[in-house]
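Here the structure comes first, spelled out in C-alpha cells, and everything after it is commentary.
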Amino acid sequence: MYKLFLCFRYLRSRVIAYFAMLAVALCVAMMLIVISVMNGFLDKIENAAKGLYGDIVVASNLRGIGRYDEFIEELTEQVPQVEAASPFIFAYGLLSIPGQDYRQILQVAGIRLPERAKVTDFEDGLFTQRGLSEPTFDPPVSLLRQRLEEHNRQLQDIYRRESSLSEKDGPLAPEKQYFLTRLDRAWLLQIEAEGFLLSAQPHQQKLAHLQRELATAEADAKGQYSQQAVVLAEQLDELIEQAKYQPPDKRAILGLGIPGLIIRTEKGETVRYIVPGHQVVLSIMPLGRSLSSTDIPTSVTRLTVVDDCRTDVSSIDSGICYVPFETLQSLNNMDAEYSADDPDRQITPPRCSQIHIKVRDADSHGERLLEVNRMVQSLWQDFLQRYPDAVAPGVDVTIETWRQMQAKVIGPIQQQRTLVVIMFGIISLVSVVLIFVIFYTIVVQKTRDVGVLKAIGASSAGVAQIFLAWGAAVGLVGSILGCIGGYYFVKYINPIQDTMDRWFGFRVWSREWFLFEKIPNTVDPTTAVNIMIAAVLAGLAGAAIPAIRAARMQPVEALRYE
C-alpha cells in the first residue's frame, strides 16, 4: 500500500515528472498522426485496387481468354466461396471530343453493368448513378438532367464565391482571371450538354423500339444479308443523328480526372467540362488478334457520356474510360470468328482480357483468400484440359489475388510507411532518455527517503516497484494525453490545414492536384492501443536503471547521504 501512496505523492509533488509526461504525450501524438495518415493513404490505394479488380484476377495477355462465360458458370457452381465473377477487357485508345482540339491517350475498360457492381464497388464512385445498386450504361435521361442541375448549382456557388473573393482583393490577378475564364467555359459546355439531353429525351422510346427490331432482324438473318436489317439500321442512324444521343452500346463512363476534362478548386471541388450528354470519339487500335504491324486498322466510334467514376487514386482516374463490354470486344477484335464458308461454324470463341472474381466476405482475407485462389487455379487447369481453345497457343494465364497483382504498387508504399515509422520511433526514444534522466535525478534527490524506507523494513523489490510504477504512470498518463491530442489532430487535420492556408498561405496537401477529397483522417483503435502500450513500456524502460539503483542502496549509506 505504501508503494502506491508514495507513487501518487511523487507524481503530485514533483513538477519535473510533468515534463516527462509531456515528452511521452508528444511522441505518442506524433506516432499516431504519422501512422494514421500513412495507413489512410495506403488503405485508399488498396481499396481502389480491390475495387478495380475484385478479390481474384484471372488474366492473360492481349490475345485474351475464351469461353469465359462457361468458366464463370462452373466457377460459381463448384467453388462455393465465390460470390460472383465478371469478364473484363483492357485496351488502349485515343479519346477526342467533336468540335474541340483535344486528344488524350488512355486505357479503355470494357465492363458489364450492372454485373460489375456485384464483383467490385464500382458503383460507389459514380456521379450520375450514385447510390444505385445496379448501375447501367442506360440510365434515364431524367436522372442525367437531375445530376446536371446539381452540378449547375455547384458551379454557380463556386463562381459567386471566387468572384466575391476577387472583388475583395482588388484587381484580378492573372491566375484568378484565368480560373474564372475556365469556369465560364465549363458553364457554356454544361448548357450545351443540357441541350443535347433535352433533344434526346423525346426520342428515347422510339430509339429503344428500333434497336429491338434491328436486333431481331439481325438474329433472324444469321449473319447473312438482310434488306430489313439494312433499312432499320438506316432509320436508327437517322434517329440517333436527330437525338444526338447514342444507343446503350455506344455509351461511356469517364474516369474523373482525365487531364483537360475537369478542373479542381483549392477547396477540392470538381468542375466538369465534359458532363453527361456530351459526345466523345474513341479510336481503338485493335490488338486482340495477331496481325502484322501494317495490317492494324483503327476502330473509331462515337460515344455518349452518361456518367463518370472515381476511385480516389489519380493514377487510375486520370487515364481510364469505361465502355460496354461487348462494344470494346468488337472494337478490339476480340469477338468471335466464324468460318467464311459456314457462318454458323465458330472458329475462335469471343475473348476477354481478365476475369474478376468476388469472394464472399468470410473468405476474402489472408490465407483464406489464398486458399480460394488455389481452388480457382485448380479449376482453371481442369477447364483448360476440357476446352483447349479457351486460350490461343502460347498465351499464358495468371491467377492471382488482388494483393499479389498490385504488389509492385502496394509494396513500396508499405516499405515507405515502415521506414517512416522506424524513423519516428527512433526520434521517440528521446522520451525514454528524458524519463531516465529525470528519474535518475529524482532517485539521487530521494536517497535519504530510500534509506528511511529500507530502514523501517521496505524490501529492495518494494523500493524498485515504487519507481517502476512511477515510470509506468508517467507513460500511461502521457500516452492517454498523446492519444487524445493525436486523435483530434487527425480528425480535424483538414480544417487545420485550411486554417494554416488562410493565416500563413501554407498548404501541405493541394486538393487542386490530388484527387483525394481530403487527407485521410481515420484513427485505427488497434494502432492507438499498441502505441499506448509502447509508451508505457518506454516509461518502464526509462525508469528501470534508476529503480535498480534505488533498490541496491544500503540503508546506512543512504541515511548519511548529504
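When segment 51-65 is filtered for residues that are closer than 22 Å to residue 394 by Cα and at pLDDT 90 or above, the ones remaining, listed by number, are 57, 58, 59, 65.
Scanning segment 100-144 for residues that are among the charged types (D, E, K, R), more than 21 Å from residue 357 (Cβ to Cβ) and at pLDDT 90 or above yields a single hit, 103.
In segment 490-562, counting only helices (runs of 4 or more DSSP H) that sit wholly within it, the ones holding 2 or more residues that are assigned by TED's automatic domain parsing to the domain that holds residue 424 and modelled with pLDDT of 70 or more span 493-504, 525-551.
If the condition is being surrounded by 20 or more Cβ atoms within 10 Å (Cβ to Cβ), more than 11 Å from residue 253 (Cβ to Cβ) and touching a residue at least 40 places away in the same chain (Cβ under 8 Å), then segment 109-124 contributes 110, 119, 120.
Could you list, in sequence order, all residues of segment 193-212 that are modelled with pLDDT of 80 or more and surrounded by 14 or more Cβ atoms within 10 Å (Cβ to Cβ)? 193, 194, 196, 197 - these are the residues of segment 193-212 that are modelled with pLDDT of 80 or more and surrounded by 14 or more Cβ atoms within 10 Å (Cβ to Cβ). The one condition from (1) of a type outside the set (Lys, Arg); (2) touching a Phe, Trp or Tyr at 6+ places or on another chain (Cβ under 9 Å); (3) part of a helix (DSSP H, G or I) that residue 355 does not meet is (3). Going through (1) buried (at least 21 other Cβ atoms within 10 Å of the Cβ); (2) among the aromatic types (Phe, Trp, Tyr); (3) at pLDDT below 70 one by one, residue 245 falls short only on (3). The condition of being surrounded by fewer than 14 Cβ atoms within 10 Å (Cβ to Cβ), assigned to a helix (DSSP H, G or I), among the acidic types (Asp, Glu) and within 30 Å of the chain's Cα centre (by Cα) does not hold for residue 326. Checked against (1) buried (at least 19 other Cβ atoms within 10 Å of the Cβ); (2) farther than 30 Å from residue 126 by Cα; (3) not assigned by TED's automatic domain parsing to the domain that holds residue 121, residue 427 passes all but a single condition, namely (1).
Among the criteria (1) surrounded by fewer than 16 Cβ atoms within 10 Å (Cβ to Cβ); (2) in contact (Cβ under 8 Å) with a residue 24 or more places away in the chain, the one residue 81 does not fulfil is (1). Would you check if residue 24 is in a helix (DSSP H, G or I), at pLDDT 80 or above and surrounded by fewer than 19 Cβ atoms within 10 Å (Cβ to Cβ)? Spelling it out, it is not the case that residue 24 is in a helix (DSSP H, G or I), at pLDDT 80 or above and surrounded by fewer than 19 Cβ atoms within 10 Å (Cβ to Cβ).
Here is a yes/no grid of residues against (1) outside any helix (DSSP H, G or I); (2) touching a residue at least 40 places away in the same chain (Cβ under 8 Å):
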site	(1), (2)
98	yes, yes
104	yes, yes
129	yes, yes
137	yes, yes
143	no, no
181	no, no
185	no, yes
188	no, no
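Hydrophobic (A, V, I, L, M, F, W, C), farther than 16 Å from residue 71 by Cα, crowded, with 19+ Cβ neighbours inside 10 Å and modelled with pLDDT of 90 or more: is that true of residue 372 in this structure? Judged against the criteria, residue 372 is not a match.
The values are calculated or read from the model by the stated rules, or taken from the named source; none is laboratory data. Note that the coordinates shown come from a computational prediction; the quantities given were computed from them, not determined experimentally. Virtual Cβ from ideal backbone geometry, glycine too; neighbours counted across all protein chains shown.
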